[in-house]
1. Which residues, taken from the range 129-163, are open to solvent by 80 Å² or more (accessible area, probe 1.4 Å) and either polar (S, T, N, Q) or touching a residue at least 60 places away in the same chain (Cβ under 8 Å) (or both)?
2. Where residues in the range 171-184 are open to solvent by 20 Å² or more (accessible area, probe 1.4 Å) and more than 30 Å from residue 113 (Cβ to Cβ), which of them is farthest from the chain's Cα centre (by Cα)?
3. Scan the range 68-79 and report the pairs whose first residue is more than 12 Å from residue 43 (Cβ to Cβ) and whose second residue is modelled with pLDDT under 95, with Cβ atoms within less than 6 Å and a gap of 6+ or a chain change.
4. Residue check, residue 98 against (1) more than 22 Å from residue 135 (Cα to Cα); (2) open to solvent by 70 Å² or more (accessible area, probe 1.4 Å); (3) in contact with a strand residue (DSSP E or B) (Cβ under 9 Å, 6 or more places away or on another chain); (4) modelled with pLDDT of 85 or more, all met but one. Which one?
5. Say whether the condition of being crowded, with 17+ Cβ neighbours inside 10 Å, part of a strand (DSSP E or B) and on the phi < 0 side of the Ramachandran plot is met by at least one residue in the range 103-111.
6. Take the residues of the range 112-124 that are open to solvent by 60 Å² or more (accessible area, probe 1.4 Å) and at pLDDT below 90: which is nearest to residue 173 (Cα to Cα)?
7. Without any contact (Cβ under 8 Å) to a residue 40 or more places away in the chain and within 24 Å of residue 180 (Cα to Cα): is that true of residue 95 in this structure?
Amino acid sequence: RNQSSNANSKWMIGAKVSANATSLITPLIYQTTSSESALKGKSGYNLSFGISSVYSINTRSSISIDLMMNDRKSFSVFDLANSNALRRSTEFSFITASGLYKRNVLKSIGSEKQQLNAGLGLFGSVRTQIHERSDNPNFLSFIDNYKKYDVGLNLGVDYSFDITKRIRLFTGLQYQLGVINLFNGANKVPASSYNTRTSALGFNVAAYYKL
């Protein structure tokens, strides 16, 4: 009975860690991609962590819900024509909740206990901190001109398998793209001229306990 109950468990709860490469999509990032540009961009990197749960709708479909801390997204721009001086560095720190509908794209990989899932969902973030830096003494800071929240889309793929009757391990990739402009506008700088959206690609590892 216990083996049958574990196999058919609807809910799992666990811990999740994500190593992320992040960016802020602004007009500056497009300038850094030009081969003739004197600007160089640098993405941010961070390790976020949190709690996660999975609800199995049936043998092919599930919903995962995450609450992640230390979700930092940043981008820095350097001026190559000015001794590689830091032109602007902006970093947001968020607490992020996300939901993902996942579908097992291969019903079985050698065993019904193994799954390869592809997912689509949404995320919402509340900003906890913001930092801006520059080597330019005349730097115009926008630190008070950003929204305190973010929302966007989640795309993910993961591989999961049982390591015991009660413990299941997930590893995979997840991409987040913010869909709103975080910049509210500043004095003589309209919001549309410095459109700012978040982007992050993360490698995730999560361990779940079957309830």
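1. Result: 129, 138.
2. This residue is 184.
3. Sorted first by the residue in the range 68-79, then by its partner, the pairs are 78/40; 78/84; 78/86; 79/85; 79/87.
4. (2)
5. Yes, the range 103-111 contains a residue that is crowded, with 17+ Cβ neighbours inside 10 Å, part of a strand (DSSP E or B) and on the phi < 0 side of the Ramachandran plot.
6. Within the range 112-124, the match that is nearest to residue 173 (Cα to Cα) is 113.
7. Yes: the conditions hold for residue 95.
Each row is one residue, and each column tells you yes or no for (1) open to solvent by less than 70 Å² (accessible area, probe 1.4 Å); (2) closer than 30 Å to residue 166 by Cα; (3) touching an Asp or Glu at 6+ places or on another chain (Cβ under 9 Å); (4) not hydrophobic (A, V, I, L, M, F, W, C).
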residue	(1), (2), (3), (4)
20	yes, yes, yes, yes
26	yes, no, no, yes
53	yes, yes, yes, yes
91	yes, no, yes, yes
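The values are calculated or read from the model by the stated rules, or taken from the named source; none is laboratory data. Quick caveat: nothing in here was measured; it's all calculated off a predicted structure. Note: ideal-geometry Cβ built from the backbone for every residue, glycine included; neighbour counts use all protein chains shown. Protein only, heavy atoms only, side chains kept; ligands, DNA and RNA dropped before computing areas. Shrake-Rupley method; radii C 1.70, N 1.55, O 1.52, S 1.80 Å.
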